[in-house]
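Single-structure report; data block below.
The values are calculated or read from the model by the stated rules, or taken from the named source; none is laboratory data. Since the model is a prediction, treat every value here as computed from it, not as a measurement. So basically every Cβ, Gly included, is an ideal-geometry build from the backbone, and we count neighbours across all protein chains shown.
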Ligand code: HEM
Ligand SMILES: [Cu+2]
């Protein structure tokens, strides 16, 4: 009986603040608390994965083996990829969704608040388990973040079993997080907030959540088949029993390609919120943005084998997947066009969030173009598994996904903390990151085209110069992220007071409530502001 | 509770406890499997696994207990009910995709991988590895018969599997009858039909266990029997687990009916379990067709 009493009781005075002490964070059901935990966790993982990246770049600074063992190098590339994808980028987007979606649609919280807490708290345990493999006998997983069989089955270190269960835990967390976001957006919008008035960040997240629920179970399926092959003698990925290692790649990439869109669609949403604010114009082509996002999501299920052009698939397959992949560039182009058209003749200012958003538009587009090059099957025969691929996906992920996250954090920090950012420090962070990212990844296009293979700790002499440049850039980029940490902490602790509408051109429900946002917002559904009616 | 405000629960201890339990389960299972594969015996892994399972069981009872309590306390609005409905629907969709991965694997090996190994089709060159291998399905003789001795025979679809199909399809009907009865508030009939559904589920599981025993002891159809055995057991095995879980949930629902929960207007818990049961039923139809018959 006691729980019911307390809940009914608490209901009487809804506007109480957070609980005291550790309990606040462990037991919370508040979307803002949970959003903050997701974001801090992701930042921690970003630094952990970043240190691994710097170890890789230090080893590749010069040809020859200097600093780390090749086996450890493999563990670093694997763990770097896994931690960045599942630990840094994905949780950061979920954190942003937790904070912003309820405030943008006028909901009091997420639809299923307790499950929301569970989605988050699974993650630290999953990553503790994954990272603990570094200290196990035989070392951490060393088969790349794509964990192709039989490297990840027959030839894997024993720690692969823990890796499999860690993936299962991350999958459970992602699926529950996604279900929550869908239920919130579909069910908890304020009266009058029709689907076609939904802020784009919510739209892109709605579609991302759908992708997550569709493909995380497939990832669970593929690791389960691995587990069976390793421990129960099945032969899913062993041709000796009639299976096929290529089957692994099909199932993995059926998850994997939608996964890369899971990491970019919310970014599209963030950018579509920021650019109109600082261009002081409405977003150009709202409806086309929604349809473009949806068609990208649908197409993303039909292109997975562009990762497998060289593995030996029938000619018809090569052709189908080549054309289907190139088709994705069309809705992506629509988006880039709309962002540029939004800025066209706008009264633009260039505060830190806008700088990151602009860099996103330019650099993501470069990544999209290199993607198109890779999509051409005969050409990919040359590029596959070279640094060109590394250049491609780092352009879409670092100045793409990561820049969008930073843009979003800088954009919404005033709402979260009640303080404006120190623009000088923000700009410093931006310019160092922008320069660092390009010094790091642009040369990789050249060494890739010249044939340097990826995931190898040593290389031929002719690649030496560009590798040195890339390593210097990587350290510049990595160290500048300490400024980001500094900026966030400084903004939490103090600064110029932010108004409710922290940015002059900002529109939407989240800018109608005070900054910092009160612990509980919208206990009763709000009136939509003029701009949304 | 007015319908305009949404019930946001207070702080809860269940999620963090459930995370610990899940961690124990996962870490225990990993340790146990590694120990078994290295032939070192269970030990620590088994202890952790069991502790995790026990803890998770208790948490689920407590957590769902909480939810039921709140629901019966009238804290949930119609909007809240819709959140639960969306939640359950998307959860079932995720389960569909989980099975889709295994069905996909089955189709891929049957239609592409095995014929290629036998020298047919676009990639028939892979026959170089085992020139004597002849493609067939069910795959009775594997390419490397020493490591993966194929089965002597496979299970005939027209005995137990057909019977099981009838059982599950009937159980979907009886469950619907129970639902209809609940809508009329005819509680005795709800009990009766629910009970019949549960019995059908239990008999299904029994037959499935019997079939597994036969496969292992008489047919040589094992997990190690090549890719036919692998796909057979992963599909029927996960399905069997789902039936077991579904039956357990039906039992809980029956218990709740007996103590007076649910009425014709408010019975989402009942419906959620019914959806799940129908989903498991549909998966079985797929299994019956593609694993047993075709
Ligand atoms: C215009 C859109 C895009 C096209 C046409 C495209 C195309 C491709 C192709 C063909 C490959 C395979 C290259 C190879 O392995 O030989 C590839 C790899 C990759 N792409 Fe993209 N891509 C696009 C956008 C994106 C986006 C938005 C992301 C993520 C945010 C992304 C992330 C990746 C990753 C992570 C890999 C490498 C996976 C690995 O092998 O480790 N791509 N892309
Ligand atoms: Cu792809």
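Listed here are the residues, each with its yes/no results for (1) within 16 Å of ligand 1 (Cβ to nearest atom); (2) within 14 Å of another protein chain (Cβ to nearest Cβ); (3) over 21 Å from the mean Cα position of the chain (by Cα); (4) modelled with pLDDT of 95 or more.
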site	(1), (2), (3), (4)
A:283	no, no, yes, yes
A:288	no, no, yes, yes
A:292	yes, no, no, yes
A:295	yes, no, no, yes
A:301	yes, yes, no, yes
A:312	yes, yes, yes, no
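Residue-wise test of (1) under 30 Å from residue A:106 (Cα atoms); (2) surrounded by 19 or more Cβ atoms within 10 Å (Cβ to Cβ); (3) more than 7 Å from chain A (Cβ to nearest Cβ); (4) in contact with a helix residue (DSSP H, G or I) (Cβ under 9 Å, 6 or more places away or on another chain).
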site	(1), (2), (3), (4)
B:6	yes, yes, no, yes
B:14	yes, yes, no, yes
B:17	no, yes, yes, yes
B:20	no, no, yes, yes
B:23	no, yes, no, yes
B:33	no, yes, no, yes
B:38	no, no, yes, no
B:46	no, no, yes, yes
B:53	no, no, yes, yes
Can you tell which of B:211, B:146 is within 23 Å of the chain's Cα centre (by Cα) and either within 14 Å of another protein chain (Cβ to nearest Cβ) or within 30 Å of residue B:117 (Cβ to Cβ) (or both)?
B:211
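This table checks each residue for (1) assigned to a helix (DSSP H, G or I); (2) at pLDDT below 95; (3) within 14 Å of chain B (Cβ to nearest Cβ).
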site: A:6; (1), (2), (3): yes, yes, yes
site: A:45; (1), (2), (3): yes, no, no
site: A:57; (1), (2), (3): yes, no, no
site: A:63; (1), (2), (3): no, no, no
site: A:78; (1), (2), (3): yes, no, no
site: A:84; (1), (2), (3): yes, no, no
site: A:95; (1), (2), (3): yes, no, no
So, residue B:75, is that one in contact (Cβ under 8 Å) with a residue 40 or more places away in the chain and within 10 Å of chain A (Cβ to nearest Cβ) or not?
yes
Go through the stretch B:246-261 and report how many residues are under 15 Å from the mean Cα position of the chain (by Cα) and in contact (Cβ under 8 Å) with a residue 24 or more places away in the chain.
4
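Considering the stretch A:332-371 alone, what residues qualify as being within 16 Å of ligand 2 (Cβ to nearest atom) and surrounded by fewer than 16 Cβ atoms within 10 Å (Cβ to Cβ)?
A:369
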Qualifying positions in the stretch A:182-218 - within 23 Å of residue A:255 (Cα to Cα) and at the interface with another protein chain (Cβ under 10 Å from one of its Cβ atoms)
A:182, A:183, A:209, A:210, A:212, A:213, A:214, A:215, A:216, A:217, A:218
Looking at (1) in a helix (DSSP H, G or I); (2) loosely packed, with under 14 Cβ neighbours inside 10 Å; (3) more than 23 Å from the chain's Cα centre (by Cα), which one does residue A:489 not meet, given that it meets all the others?
(3)
